[in-house]
Amino acid sequence: MKNESQKSVFPFAANDYSRALAAKSKAFARQVYPSPEEDEYDDAPLDPFGETGGAGACTGVPGLVQRFPDRVLAMAASSCFMNCRHCTRRNILGDAATISAPGALAAALEYVQAHPQVRDVLVSGGDPLVLGDDAVMRIIDAFAALGQIDVVRLCTRAPCTAPHRITQKLARSLGASGKVWVNTQFNHPDELTPDAVEACRILVESGIPVSCQTVMLAGVNDSTSTMLALFRALQRARVRPYYVFQCDPVRGTAHFRVPLEKAKRIALECAERIGGLALPRFVADVPGATRKIPLELL
């Protein structure tokens with residue numbers, strides 16, 4: 001049943017690399033191109049985690065979100081190399097406040113210093129790497145310079161969607177502090193192209209741990225065989241399979257959500273067939289929860 005007031009306003013955006021990969025991979029194309037299914041009736045919230053000012057997340061600092069005691073999310077950019085159709089922030093990107101705004105980074109640093117329990121900063125967006133190297137490093141280095149911070153996580157899909165953005169120069173700069181980790185997203189083995197693997201190599205050989213946060217998506221990777229092929233390809237690329245998330249309950253993504261019992265079955269079958277070094281945790285990010293919830297507990 002379609003409700004016209006529910007229509008998606010999330011625009012299409014994809015760089016040349018993503019379009020070329022989509023032409024070769026149906027699984028990737030499903031993540032790139034809008035579908036009429038996005039406009040099917042869906043009563044999920046626009047912003048399930050309150051990142052635009054919801055209770056429990058708003059810090060009062062533009063672009064800075066805190067949902068958990070020991071970490072904060074710093075929104076560095078409000079655009080990406082491609083608009084993933086399953087994006088959690090699909091309804092807020094473009095208008096989201098960022099710490100790149102004048103004065104916002106200084107306010108974010110002041111907030112973190114006033115909350116000494118914060119030890120982990122996620123620099124995300126949008127994709128931070130749509131910014132130039134100097135702008136990226138200004139943010140990364142500012143947080144890394146704080147003595148209380150153990151890790152700065154650069155959350156970027158560039159290794160998958162814009163692998164040539166990962167240069168030796170950028171990787172050396174990112175690795176210099178010894179605090180930077182990269183969290184990226186690959187959802188299907190087709191995405192581990194030679195260019196993507198090279199981008200990961202550059203990061204890893206610059207001393208940067210790289211982890212993958214996959215999203216389980218109907219019609220993309222919702223089978224045990226596909227997941228196992230993905231995990232093995234990631235391990236060959238020296239990328240740690242970290243999480244497999246249930247698709248978040250955000251409006252416009254109902255057609256991507258895999259039934260919970262099917263997701264649990266895939267998780268169990270993967271655990272029975274692959275070693276622990278290549279086996280991620282299968283979880284759901286539940287609004288209001290104090291942690292990521294393992295699927296077996298749902």
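For the chain, a Kirkwood radius taken over Cα pairs fed into Stokes-Einstein (10 °C, viscosity 1.306 mPa s) yields D = 81 µm²/s. Ranking Ala97, Phe245, Asn83 by how far each Cα lies toward the positive end of the dipole of the chain (charges on Cβ) leaves Phe245 at the top. With both residues required to sit in segment 4-213, DSSP beta bridges show an antiparallel share near 25%. Selection among Gly276, Gly147, Ala114 by position relative to the dipole of the chain gives Gly276 as farthest towards the positive end (Cβ unit charges, Cα centre).
How much length would be gained if the chain were fully extended between Leu298 and Asp150, taking 0.36 nm per residue of separation minus their Cα-Cα distance, in nm to one decimal?
Fully extending the segment from Leu298 to Asp150 adds 50.2 nm.
Near Val210, once Lys and Arg are set to +1 and Asp and Glu to -1 for all other residues with Cβ below 10 Å from its Cβ, the sum equals +3.
Phi angles across segment 74-82 convert, under the Karplus curve 6.51 cos²θ - 1.76 cosθ + 1.60 with θ = phi - 60°, into 3J(HN,Hα) values of 10, 7, 8, 8, 10, 9, 9, 5, 8 Hz, Gly and Pro given as x.
Within the shell of other residues whose beta carbon sits under 10 angstrom from the beta carbon of Leu230, the net charge comes to -1, with Lys and Arg scored +1 and Asp and Glu -1. Here the simple spin-label model places points 7 Å from the Cα toward Cβ, and for Glu261 and Ala176 these points are separated by 5.6 nm.
Each value in this text was obtained by applying a stated rule to the coordinates, not by laboratory testing. Remember, predicted model here, so these are calculated numbers, not experimental data. Virtual Cβ from ideal backbone geometry, glycine too; neighbours counted across all protein chains shown.
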